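Data block below; observations after.
Computed from the coordinates by the stated procedures, all read-outs in this text should not be read as laboratory data. Because the structure is predicted, anything quoted here is derived from the model rather than measured. Cβ: placed from backbone, ideal geometry, glycine included. Neighbour counts: every protein chain shown.
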Amino acid sequence: MQIAIGADHAGYEMKAQITQVLEGLGHDVSDVGAHSVDPTDDYPDFAKALAEHVTSQQSARGIMVCGSGVGASVAANKVRGIRASVCHDTYSAHQGVEHDDMNVLCLGARIIGQEVAAEVVTAFVSAEFTGEERHRRRLNKVLDMER
């Protein structure tokens, strides 16, 4: 799967670790930045680039890392077609895809460690939307809200 990854200065180090995990699982990774540590950078810039990578179908999914994951989630969700959520556990990471067709995972590098992040990322990229009627019905209501 083609996966976009992005991070601000707070998530920069974890982004590199997640990239290794993804590549180890056989995924192709597109790094949308940051490409160096700059304490003055802003997470919305990278969240926007990542979200647009996903909505333009250059990547099937995205993973965005900032300090808490919250800002990245808020920013990414402003782009039409993005369903981003902060997940710091494996259940939410796979259930968000299976039930809600989540296409962007947001992580807080200051919240979880690299081992848990690797497990959460693995759960996210391994999951598929079930397409069950109840999930499609709920997703359609969300998409109606977006329109």
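On the given criteria, is Gly71 out of contact with any strand residue (DSSP E or B) (no Cβ under 8 Å at 6 or more places or on another chain), over 17 Å from Ile5 (Cβ atoms) and not hydrophobic (A, V, I, L, M, F, W, C)? Spell out the reasoning first.
On the way: out of contact with any strand residue (DSSP E or B) (no Cβ under 8 Å at 6 or more places or on another chain): yes; over 17 Å from Ile5 (Cβ atoms): no; not hydrophobic (A, V, I, L, M, F, W, C): yes.
Considered against the rule, which asks whether it is out of contact with any strand residue (DSSP E or B) (no Cβ under 8 Å at 6 or more places or on another chain), over 17 Å from Ile5 (Cβ atoms) and not hydrophobic (A, V, I, L, M, F, W, C), Gly71 comes out as no.
Kindly indicate whether Pro44 is surrounded by 15 or more Cβ atoms within 10 Å (Cβ to Cβ) and on the phi < 0 side of the Ramachandran plot. Lay out the reasoning, then the answer.
Details: surrounded by 15 or more Cβ atoms within 10 Å (Cβ to Cβ): yes; on the phi < 0 side of the Ramachandran plot: yes.
In short, yes.
Let me spell it out: the conditions are (1) within 20 Å of Leu50 (Cβ to Cβ); (2) without any contact (Cβ under 8 Å) to a residue 24 or more places away in the chain; (3) of a type in the set (A, V, I, L, M), and Met145 meets all of them except one. Which number is the exception?
Of (1) within 20 Å of Leu50 (Cβ to Cβ); (2) without any contact (Cβ under 8 Å) to a residue 24 or more places away in the chain; (3) of a type in the set (A, V, I, L, M), only one is false for Met145: (1).
Does Tyr12 count as among the aromatic types (Phe, Trp, Tyr), touching a Ser or Thr at 6+ places or on another chain (Cβ under 9 Å) and in contact (Cβ under 8 Å) with a residue 12 or more places away in the chain?
On the way: among the aromatic types (Phe, Trp, Tyr): yes; touching a Ser or Thr at 6+ places or on another chain (Cβ under 9 Å): yes; in contact (Cβ under 8 Å) with a residue 12 or more places away in the chain: yes.
So Tyr12 fits the description; yes.
In region 129-147, how many are assigned to a helix (DSSP H, G or I) and not aliphatic (A, V, I, L, M)?
Step one: filter region 129-147 for residues assigned to a helix (DSSP H, G or I), giving 133-146.
Remaining after also requiring not aliphatic (A, V, I, L, M): 133-138, 140-141, 144, 146.
Count: 10.
Looking at region 3-18, which of the residues that are surrounded by 19 or more Cβ atoms within 10 Å (Cβ to Cβ) and more than 17 Å from Pro39 (Cβ to Cβ) is farthest from the chain's Cα centre (by Cα)? First the steps, then the outcome.
First, pick out the residues of region 3-18 that are surrounded by 19 or more Cβ atoms within 10 Å (Cβ to Cβ): 3-12, 14-15, 18.
Among the residues that remain, those that are also more than 17 Å from Pro39 (Cβ to Cβ) are: 3-5, 18.
Details: Ile3: 9, Ala4: 8, Ile5: 7, Ile18: 11 Å.
Among those that are surrounded by 19 or more Cβ atoms within 10 Å (Cβ to Cβ) and more than 17 Å from Pro39 (Cβ to Cβ), it is Ile18.
Give region 40-98 a look and list any residue that's charged (D, E, K, R) and under 23 Å from Arg136 (Cα atoms), or say none.
To start, the set of residues in region 40-98 that are charged (D, E, K, R) comprises 41-42, 45, 48, 52, 61, 78, 80, 83, 89, 98.
Arg61, Lys78, Arg80, Arg83, Glu98 - these are the residues of region 40-98 that are charged (D, E, K, R) and under 23 Å from Arg136 (Cα atoms).
Restricted to region 98-125, and to residues that are free of Cβ contacts under 8 Å to residues at least 60 places away in the same chain and in a helix (DSSP H, G or I), which residue is surrounded by the fewest Cβ atoms within 10 Å (Cβ to Cβ)?
My answer is Glu115.
Restricting to region 56-92, name every residue that is in contact with a Lys or Arg (Cβ under 7 Å, 6 or more places away or on another chain), free of Cβ contacts under 8 Å to residues at least 40 places away in the same chain and either in a helix (DSSP H, G or I) or crowded, with 24+ Cβ neighbours inside 10 Å (or both). Step through it out loud before you land on a result.
Residues of region 56-92 that are in contact with a Lys or Arg (Cβ under 7 Å, 6 or more places away or on another chain), as a first pass: 65, 67-68, 75, 79.
Add one more test, that the residue is free of Cβ contacts under 8 Å to residues at least 40 places away in the same chain, and what stays is 75, 79.
Across region 56-92, the qualifying residue is only Ala75.
Within region 31-45, can you find the residues that are outside any loop (DSSP other than H, G, I, E, B) and in contact with a helix residue (DSSP H, G or I) (Cβ under 6 Å, 6 or more places away or on another chain)? Even if it seems obvious, please write down each step before you answer.
Taking region 31-45 as the starting set, the residues that turn out to be outside any loop (DSSP other than H, G, I, E, B) are 31, 43-45.
Within region 31-45, Tyr43, Pro44 meet the criteria.
Before we move on, is Lys48 part of a helix (DSSP H, G or I) and of a type in the set (Lys, Arg)? Even if it seems obvious, please write down each step before you answer.
Working: part of a helix (DSSP H, G or I): yes; of a type in the set (Lys, Arg): yes.
Answer is yes for this residue.
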